[in-house]
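Asker: Structure provided below as structure tokens; questions to follow.
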Protein chains: 2
Amino acid sequence: MEAYRIIDLLHRDWIGKEVVVNGWVRTFRSNRFIALNDGSSQRSIQCVVDFEAFDDNLLRQITTGAAVRVSGTVVESMGRGQDVEIQVRDLFLHGGADPERYPIQPKKHSMEFLREQAHLRVRTNTFAAVMRVRSALAFAIHKYFRENGFYYFHAPIITGSDAEGAGEMFRVTTLDPKDPPLTEANEVDYTEDFFGKETNLTVSGQLEAEAYAMALGKVYTFGPTFRAENSNTSRHLAEFWMIEPEMAFHDLKDNMDLAEDFIKNILRYILENCEEDLLFLEKRLLDEEKTRPQAERSELSLIEKLKFVTDNEFKRIPYTEAIDILRNSKPNKKKKFQFPVNEWGVDLQSEHERYLVEKHFKCPVILFDYPARIKAFYMRLNDDGKTVGAMDILFPGIGEIVGGSQREERLDVLEKRIAEMGIDEKELWWYLDLRRFGSAVHSGFGLGFERLVQFATGMGNIRDVIPFPRTPQNAEF
Amino acid sequence: MEAYRIIDLLHRDWIGKEVVVNGWVRTFRSNRFIALNDGSSQRSIQCVVDFEAFDDNLLRQITTGAAVRVSGTVVESMGRGQDVEIQVRDLFLHGGADPERYPIQPKKHSMEFLREQAHLRVRTNTFAAVMRVRSALAFAIHKYFRENGFYYFHAPIITGSDAEGAGEMFRVTTLDPKDPPLTEANEVDYTEDFFGKETNLTVSGQLEAEAYAMALGKVYTFGPTFRAENSNTSRHLAEFWMIEPEMAFHDLKDNMDLAEDFIKNILRYILENCEEDLLFLEKRLLDEEKTRPQAERSELSLIEKLKFVTDNEFKRIPYTEAIDILRNSKPNKKKKFQFPVNEWGVDLQSEHERYLVEKHFKCPVILFDYPARIKAFYMRLNDDGKTVGAMDILFPGIGEIVGGSQREERLDVLEKRIAEMGIDEKELWWYLDLRRFGSAVHSGFGLGFERLVQFATGMGNIRDVIPFPRTPQNAEF
């Protein structure tokens, strides 16, 4: 008989039917009740064993983590919180899990311990829920873009360009690590390297996405990006996934409209499709917060936070206005900010963003029209000559989740900005071509996927929302 | 007025309506007919200009590649092959494209030339069609897996493990390229590197996907993978995208069933959703084949080939049977194979696979149960002790498009295979854990996305189905 997924069986319609299921034992109580989970759902199915009918030796191996196949009849359950259970007729052990050695026992484990067991941690309820929500979010992203006329574009991962300047890069090479070939000037001779030049891992697919937007209209990337920065924080990864839409004929306002609609839409998707996992994660977060002082607990529960985003307009304010608010704010006047806000032109720090989002507006905020001096070369210079059409979306608890801009489409202005920033124009010959031939207003943004998953699942550390995190000193598995 | 996408306007329902569209000029004939394309469709919309009503200087800049905004009325078209056209009232030039300098003029360009203009080649009809089909295929893949209970799993790109052995790897490093730190034994001291160890770009996410399948049941990867091999062929890339599903409780037959159903389903999706692009690519292929000798032309057109795959069962035969067929084949007896097939156990070469698929069976073929000696350590040893539960799917014109296997779930057998192959077991501690704790029958396969796009679009060179190809000596853009 073909095996079923547990999620498909957890309904009264199945009562009286013969079924086969495979899964892993979560718990085995009283030599009688197996909670069996196959990853298809947060919920396990209860399998009831008549222990007198089975070999003792077999039953001794039914321990947490063991893989088993169960055949039997679906019956109404008398247990709490479940409609049905399986009366077990046959029980087959795929593979045991020695309780003396199996690390994932049914008790509380620290997140640090589980990170060292990243190959097994997804067998816990928490990580399984996080990874199912992550998968659903990824699908919602593809679905949204597909339904809105975007094409999925694969930006190159290995890049010969380092012009974007978004951060430190990893070198990609096949040269002899100890005795690299040298030029006559005694420098490493990259013409001997695999690609005939120095290459790095990409920090962003934006520039290449612009090339595709200027032909296909609307495109997006969804791929891995890299930062070789020695940041050991709960918000940084050396390898993370990023979504970067890019749209021809869209100005900054269109860009903000799209970003807001996009985020609301994908969060709505998980509210509709991941209810059980979100309820579980909400409860987990509540339990976790109970251990903290009242002042550090969220006012809203996880699902309330998600609904707050989907149901409310994001507050949009220009950078200049944000500076005024911050300058006149209580923490600034009382010198509580680590970085005081005194004059127009300073870059905003995390503490300032959090004040605006969590204390002042108490909702997602879009800041726009930033000083040109603190932003990247490709952002469109506004008519005031000192700000650029940039926008950042700030989320409660997470900080910056989206960074975007209208792109400079005017060749002469772009060339001037590139020169001012000391970037080698030759590196960008093809990017400038996009302004030489058929240039037009266009915009885009980048959204860090793991930050979004953090927000959606309530997980405090970004290392716990990606299967195998890469951070300084850590590339296990 | 808000602008529309051209694909939405190409219907008679719009006749009489005022519209605004943005796009790029494909051609401008007789100072009167602009063929305008915005990437939303293979088809351009004809925009009719009354040249007496517009400034000469403006009209002179309406050249191939220029970006324009057109406002006007949709009217019935008298032209062939189009239902509607736009009577232009306003014409705005976003950005010109100097015909003396713009490389993508409306004439035939060589594929080699277009590769050097990879940032602009997507402005041609051919590349736009290829990339739209590529995007649709990617979506179909996510949709299929989502609808069939799989979770999308992001395998790590930077890996500290080189045990998979699928090919040469790229090193990822932040060490000083010229003067790397050395150990006392005068070797490169990787403990000083970013991750505290030697790291490489992944060649496959399979091993990590297995860890996730053994908790979530069914998972798949869809991400970039890398080979540092000096292969300058029309079938190899140094960076390419791969799809790797992995399923707990699935044996080799289930694996073949899934692979066949999956491929048919996603090809059906593009037949239903990319008709215009496929018709265009079919015609392009026909034109290209006309320049070749009759014997080298396909018997089937592009769409016929796709339908042939979706509508017919793949032929499944064991390796042993394939060897018999090849040994007794005409080319083998007449010594036409470069590698003669004499005995059981030899690896199959491309010429053998092509013979089986294109001459003998004339349909997609699944070969299975290969000699253990020529396959990877993780494939499940069959009861005969000399073959493993591997399977390859071979496609006409493309060769191997899928490689998969049932995985060895028995700890002792796996350890023995690892030792035989001289792999360091310590590297695989976590992979072996999957057999120590809750092990079960499981299977999976890998599908090279670009090979699939080649098959779906009829493009002869794999460099022409990925936006910015990476090959030896080439990492431009």
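The values are calculated or read from the model by the stated rules, or taken from the named source; none is laboratory data. The shown structure was predicted, so the numbers you read here are calculated from the model rather than taken from an experiment. Cβ: placed from backbone, ideal geometry, glycine included. Neighbour counts: every protein chain shown. Calculation scope for accessible area: heavy atoms of the full protein, side chains included, ligands and nucleic acids excluded. Shrake-Rupley method; radii C 1.70, N 1.55, O 1.52, S 1.80 Å.
Asker: Within segment B:106-126, restricting attention to residues that are at the interface with another protein chain (Cβ under 8 Å from one of its Cβ atoms) and under 19 Å from B:Q42 (Cβ atoms), which residue is nearest to the chain's Cα centre (by Cα)?
Answerer: Of everything passing the filter in segment B:106-126, B:V122 is nearest to the chain's Cα centre (by Cα).
Asker: Shifting gears a bit: Check whether at least one residue in segment B:443-451 is polar (S, T, N, Q), more than 26 Å from B:K264 (Cα to Cα) and touching an Asp or Glu at 6+ places or on another chain (Cβ under 8 Å), and report yes or no.
Answerer: Residues of segment B:443-451 that are polar (S, T, N, Q), as a first pass: B:443.
So of that shortlist, the ones also more than 26 Å from B:K264 (Cα to Cα) come out as none.
So far as segment B:443-451 goes, no, none of its residues is polar (S, T, N, Q), more than 26 Å from B:K264 (Cα to Cα) and touching an Asp or Glu at 6+ places or on another chain (Cβ under 8 Å).
Asker: Also, I was wondering about something else. Taking B:M1 and the conditions (1) at pLDDT below 95; (2) more than 14 Å from chain A (Cβ to nearest Cβ), which numbered condition does it fall short on, given that it satisfies the others?
Answerer: Only one criterion is unmet by B:M1, namely (2).
Asker: Given B:G422, B:G458, which one is free of Cβ contacts under 8 Å to residues at least 60 places away in the same chain and among the small types (G, A, S)? Give the derivation first.
Answerer: Details: B:G458 fails: free of Cβ contacts under 8 Å to residues at least 60 places away in the same chain.
The match here is B:G422.
Asker: Also, quick follow-up: Could you please let me know if B:T183 is of a type in the set (S, T, N, Q) and more than 8 Å from chain A (Cβ to nearest Cβ)?
Answerer: yes
Residues are listed down the side, and each one gets a yes or a no for (1) buried (at least 19 other Cβ atoms within 10 Å of the Cβ); (2) not basic (K, R):
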residue: A:E358; (1), (2): no, yes
residue: A:K362; (1), (2): no, no
residue: A:P371; (1), (2): no, yes
residue: A:I374; (1), (2): no, yes
residue: A:D383; (1), (2): no, yes
residue: A:K386; (1), (2): no, no
residue: A:G389; (1), (2): yes, yes
residue: A:S405; (1), (2): yes, yes
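Asker: Would you tally the residues in segment A:86-105 being more than 10 Å from chain B (Cβ to nearest Cβ) and open to solvent by less than 40 Å² (accessible area, probe 1.4 Å)?
Answerer: 3
Each row is one residue, and each column tells you yes or no for (1) of a type in the set (A, V, I, L, M, F, W, C); (2) open to solvent by 40 Å² or more (accessible area, probe 1.4 Å).
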| residue | (1), (2) |
| --- | --- |
| B:Y269 | no, no |
| B:E288 | no, yes |
| B:A295 | yes, yes |
| B:L302 | yes, no |
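Asker: Working only within segment B:266-306, note down all residues that are part of a loop (DSSP other than H, G, I, E, B) and under 21 Å from B:A128 (Cβ atoms).
Answerer: First pass over segment B:266-306, keeping only residues part of a loop (DSSP other than H, G, I, E, B): B:274, B:291-293, B:297-301.
Answer for segment B:266-306, where residues must be part of a loop (DSSP other than H, G, I, E, B) and under 21 Å from B:A128 (Cβ atoms): B:C274, B:S301.
Asker: Are any residues in segment B:424-457 more than 10 Å from chain A (Cβ to nearest Cβ) and open to solvent by 40 Å² or more (accessible area, probe 1.4 Å), and if so, which ones?
Answerer: B:D424, B:E425, B:K426, B:E427, B:R451 - these are the residues of segment B:424-457 that are more than 10 Å from chain A (Cβ to nearest Cβ) and open to solvent by 40 Å² or more (accessible area, probe 1.4 Å).
Asker: Here is a follow-up. Please count how many residues of segment B:307-334 are assigned to a loop (DSSP other than H, G, I, E, B), more than 26 Å from B:I263 (Cα to Cα) and open to solvent by 60 Å² or more (accessible area, probe 1.4 Å). Before the answer, list the steps.
Answerer: Residues of segment B:307-334 assigned to a loop (DSSP other than H, G, I, E, B): B:312-314, B:328-329, B:334.
Still in the list and also more than 26 Å from B:I263 (Cα to Cα): B:328-329, B:334.
Within this subset, residues satisfying the condition of being open to solvent by 60 Å² or more (accessible area, probe 1.4 Å) are B:328, B:334.
Qualifying residue count for the region: 2.
Results for (1) open to solvent by 70 Å² or more (accessible area, probe 1.4 Å); (2) out of contact with any strand residue (DSSP E or B) (no Cβ under 7 Å at 6 or more places or on another chain); (3) closer than 21 Å to A:G399 by Cα, shown as yes or no for each residue.
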{"site": "A:A259", "(1), (2), (3)": "no, no, yes"}
{"site": "A:E282", "(1), (2), (3)": "no, yes, yes"}
{"site": "A:K336", "(1), (2), (3)": "yes, yes, yes"}
{"site": "A:Q349", "(1), (2), (3)": "no, yes, yes"}
{"site": "A:L367", "(1), (2), (3)": "no, no, yes"}
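Asker: Listed residues B:R451, B:R407; which is closer than 17 Å to B:P224 by Cα and either of a type in the set (F, W, Y) or touching a residue at least 12 places away in the same chain (Cβ under 8 Å) (or both)?
Answerer: B:R451
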